[in-house]
1. Can you work out which of the residues in region 38-59 that are of a type in the set (D, E, K, R) and assigned to a helix (DSSP H, G or I) is nearest to the chain's Cα centre (by Cα)?
2. Among the residues that make up region 28-37, is at least one of them under 16 Å from the mean Cα position of the chain (by Cα), part of a helix (DSSP H, G or I) and in the same structural domain as Ile120 (by TED's automatic domain parsing)?
3. Which of the helices (runs of 4 or more DSSP H) found entirely inside region 178-246 contain at least 3 residues meeting this: of a type in the set (A, V, I, L, M, F, W, C) and free of Cβ contacts under 8 Å to residues at least 60 places away in the same chain?
4. When you go through Lys80, Lys61, Lys66 one by one, which is the residue that is out of contact with any helix residue (DSSP H, G or I) (no Cβ under 7 Å at 6 or more places or on another chain), more than 25 Å from Ile215 (Cβ to Cβ) and not acidic (Asp, Glu)?
5. Looking at Lys80 and the list (1) buried (at least 19 other Cβ atoms within 10 Å of the Cβ); (2) part of a loop (DSSP other than H, G, I, E, B), which single condition is not satisfied?
6. Out of the residues in region 259-282 that are more than 15 Å from Leu91 (Cα to Cα) and either buried (at least 24 other Cβ atoms within 10 Å of the Cβ) or touching a Cys at 6+ places or on another chain (Cβ under 9 Å) (or both), which is modelled with the lowest pLDDT?
Amino acid sequence: MFENAVDAAIAAVSSLLLEVSSNPKPGNVDRDHNFPDLRYEHFIMSSVASYPIFLDIGMRKKSFGKGVLELVKNSMKWHKAKNVHFGAFLLLTPLVHSWGDVEEAKRFIEEADYRDSLLIKKAFDLSRARVMETKELSLKDRVEDEIVRKKIGVREWMEMAPKENFIAAELVNGYELSIRGSRLIFDYFERFRDPNKAIVLTFVTFLSELLDPLIIAKKGIKCAEKVRNLARSSLEFFKETENFAVFYELDSKILKIGVNPGSVADLVISSIYLSLSEGWIW
């Protein structure tokens, strides 16, 4: 847990920068390659621009929804890309508010009311993020009236998300995956003494276990399963050989499929944040 709001905000920016700079990050933008509409530099600008908002969040000046909306707005002042960090901002806002105290972050999420839900919907519309279809109150739809009528808070809204949407599940379940991700980072770093390897291996571990909601939204569940299986095979090969080059091969294979596991990247960001809050340093 951090000692003050400044450290909490610095750690949030650092988590964003460390994640996007990790290499190779199979299927996603990293320091070695860009997408036609999304560049490494977009993530750098978004990360740096988020600092003053994270600082306000850490100083308890912003509600959940207000924090996410202002993060998206300030980020977009500094780049022309579409969605860069929407999912990461959702995960980080409660953690920065609590200075890395997960129990306090859970309380913050519980207290986020329908007004926060409306602000998060506005942030989503501005960022134009891709999400999975859901039976009710989809972020893609005009749901504001129903949110107000039923006074649906953030946690209740996240509970309506599909089971594969592990970003929403993190907010409901108290960051269970992020806590595990933090442990993975510590374990991999202790073994290899390399922060880049620790982050990449955590990314691939999650990718080998989870179906990425962003891939499902773009290409369907079969494609997400294919990517998961490729990651699983690569990770098994690495465990047998410790040949890190296998992840460059995995990167090429996923890029050829034409998908990017952006939700796993968001999960790694919150995992890095919790690692930093527990004293990860090198």
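The values are calculated or read from the model by the stated rules, or taken from the named source; none is laboratory data. Predicted model, so just to flag it, every value in this text is computed and none were measured. Cβ atoms come from the backbone with ideal geometry, glycine included; neighbour counts cover every protein chain shown.
1. Applying the filter and picking the extreme gives Glu41.
2. There is no residue in region 28-37 that is under 16 Å from the mean Cα position of the chain (by Cα), part of a helix (DSSP H, G or I) and in the same structural domain as Ile120 (by TED's automatic domain parsing).
3. Qualifying helices (runs of 4 or more DSSP H): 221-241.
4. Lys61
5. Lys80 satisfies all of (1) buried (at least 19 other Cβ atoms within 10 Å of the Cβ); (2) part of a loop (DSSP other than H, G, I, E, B) except (1).
6. Among those that are more than 15 Å from Leu91 (Cα to Cα) and either buried (at least 24 other Cβ atoms within 10 Å of the Cβ) or touching a Cys at 6+ places or on another chain (Cβ under 9 Å) (or both), it is Val259.
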